[in-house]
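Accompanying notes for the structure given below.
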Amino acid sequence: MAEAATLMLSHVRPEGTAIDNDARVFAEEVAEATDGAVNIRLFPASALGDYTTVQEGLSIGSVDMAVQPPSSEVDRRFQLAYLPYLVQSWEDAEKTFTAGAPLRETVEELYAEQDIHVLGAWPVYFGGIALNTEVENATNPHVEKSAKLRVPPMKSFQLTADNIGYIASPLPFSDAFTAIQTGVVDGIMGSGAEGYYASFRDVTEYYLPLNTHFEMWYLLINQPAYDSLTEDQQAALSEAAKRFEEDRWETAEADQARNEKLLEEAGATIIPVSDEQIAEHAEIVRETVWPVIIDDIGSEWANDVLDRAGR
């Protein structure tokens, strides 16, 4: 069994962001609890590759650890955790995604199939749409807007954009800023205020808090790397991960509001969205998008998970 280890931990945001700060606290707690035997070295801003590449690296052991969203390119069943309008409130989100909940257990099982161990999770935000140009009827899902949105290369986001009146343009995250800046697309879907402020504030003129999806990131470690640690070291990781997750649930909702304010201070206009408008979007998406995604990932499997999750 290993007596000492240095572990690389990747995440997708720049230094100084909320996840970077929380990951550093996590690393410090692990180092303290193991008397420096387990040293976690952070690689922010996707320095080890985008999250899909990193997930593949976690699976084969070329990356030790990460905090990031699951990649449906690696396993399309991860789309279930990204179903748009899956949860409606922060209370509902915590009940749905916390440790021991059926959906959380399903995510852990999917990672386990790739030789990846889930240590914890980090709730991020409810998603929305950022625009670089004014769009008429931006919050009306029944109106065709002729506005292109960059979406992640995931069917759930593509279909959502198309069914609420936008034109989906699937692009990798690394190409999104330039695409908006050069006018290839008019805006972006797939993130929330925190992500748009961190990476897209210079090209965000309007923000629509439509609660399109709930973003949950997972604190991951390559299973063989985890198994190589002593039982005491594993326990230290688990205890620090538990605090990492619990502390974030206490601050995530306020952090979302803070990032919306930061976007506003950076020059973006926050377009008001009513609960009724969000409900309209949710109804359309559940009727048009959910059946396609559920069929794509296996209706029997998906419906079983959703039934157990009370969806």
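Summary table below
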{"read-out": "Matching residues, region 78-89, being in a helix (DSSP H, G or I) and modelled with pLDDT of 95 or more", "value": "none"}
{"read-out": "Single match in Pro291, Pro272 (criterion: outside any helix (DSSP H, G or I) and either of a type outside the set (Val, Ile, Thr) or in contact with a Cys (Cβ under 8 Å, 6 or more places away or on another chain) (or both))", "value": "Pro272"}
{"read-out": "Out of Ala252, Ala266, Ala236, sole residue that is within 18 Å of Glu28 (Cβ to Cβ) and not charged (D, E, K, R)", "value": "Ala236"}
{"read-out": "Subset of region 105-142 [hydrophobic (A, V, I, L, M, F, W, C) and farther than 15 Å from Asp186 by Cβ]", "value": "Val107, Leu110, Ala112, Ile116, Val118, Leu119, Ala121, Trp122, Val124, Phe126"}
{"read-out": "Scan of region 181-227 for residues that are of a type in the set (A, V, I, L, M), over 24 Å from Asn137 (Cα atoms) and outside any strand (DSSP E or B), ordered by number", "value": "Ala198, Ala225"}
{"read-out": "Given (1) over 30 Å from Tyr226 (Cβ atoms); (2) open to solvent by less than 70 Å² (accessible area, probe 1.4 Å); (3) under 20 Å from the mean Cα position of the chain (by Cα), index of the condition Arg258 fails", "value": "(2)"}
{"read-out": "Set Gln233, Gln256: member being within 30 Å of Gly36 (Cα to Cα) and in contact with a helix residue (DSSP H, G or I) (Cβ under 9 Å, 6 or more places away or on another chain)", "value": "Gln233"}
{"read-out": "Residue in region 9-24 that is touching a residue at least 12 places away in the same chain (Cβ under 8 Å), closer than 20 Å to Lys242 by Cβ, outside any helix (DSSP H, G or I) and in contact with a strand residue (DSSP E or B) (Cβ under 7 Å, 6 or more places away or on another chain) present", "value": "yes"}
{"read-out": "Which numbered condition Val285 fails, given (1) over 25 Å from Ser71 (Cα atoms); (2) β-branched (Val, Ile, Thr); (3) in a helix (DSSP H, G or I)", "value": "(1)"}
{"read-out": "Every residue from region 112-167 that is among the hydrophobic types (A, V, I, L, M, F, W, C), within 27 Å of Trp217 (Cα to Cα), open to solvent by 20 Å² or more (accessible area, probe 1.4 Å) and more than 19 Å from the chain's Cα centre (by Cα)", "value": "Ile167"}
{"read-out": "Members of region 293-309 that are open to solvent by 60 Å² or more (accessible area, probe 1.4 Å) and in contact (Cβ under 8 Å) with a residue 24 or more places away in the chain", "value": "Trp301, Arg308"}
{"read-out": "Given (1) open to solvent by less than 10 Å² (accessible area, probe 1.4 Å); (2) not charged (D, E, K, R); (3) not in a helix (DSSP H, G or I), index of the condition Thr6 fails", "value": "(1)"}
{"read-out": "Subset of region 61-71 (residues that are touching a residue at least 12 places away in the same chain (Cβ under 8 Å) and farther than 12 Å from Trp217 by Cα)", "value": "Gly61, Val63, Asp64, Met65"}
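Conditions tested, residue by residue: (1) out of contact with any helix residue (DSSP H, G or I) (no Cβ under 9 Å at 6 or more places or on another chain); (2) without any contact (Cβ under 8 Å) to a residue 60 or more places away in the chain; (3) within 18 Å of Glu194 (Cβ to Cβ); (4) among the small types (Gly, Ala, Ser).
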{"site": "Ala33", "(1), (2), (3), (4)": "no, no, no, yes"}
{"site": "Ala37", "(1), (2), (3), (4)": "no, no, no, yes"}
{"site": "Gly49", "(1), (2), (3), (4)": "no, yes, no, yes"}
{"site": "Arg76", "(1), (2), (3), (4)": "no, no, no, no"}
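The values are calculated or read from the model by the stated rules, or taken from the named source; none is laboratory data. Note that the coordinates shown come from a computational prediction; the quantities given were computed from them, not determined experimentally. Neighbour counts are summed over all protein chains in view; Cβ atoms, including those assigned to glycine, are modelled from backbone coordinates with ideal geometry. Accessible surface is based on the protein model in full, side chains and every heavy atom, while ligands, DNA and RNA are left aside. Shrake-Rupley method; radii C 1.70, N 1.55, O 1.52, S 1.80 Å.
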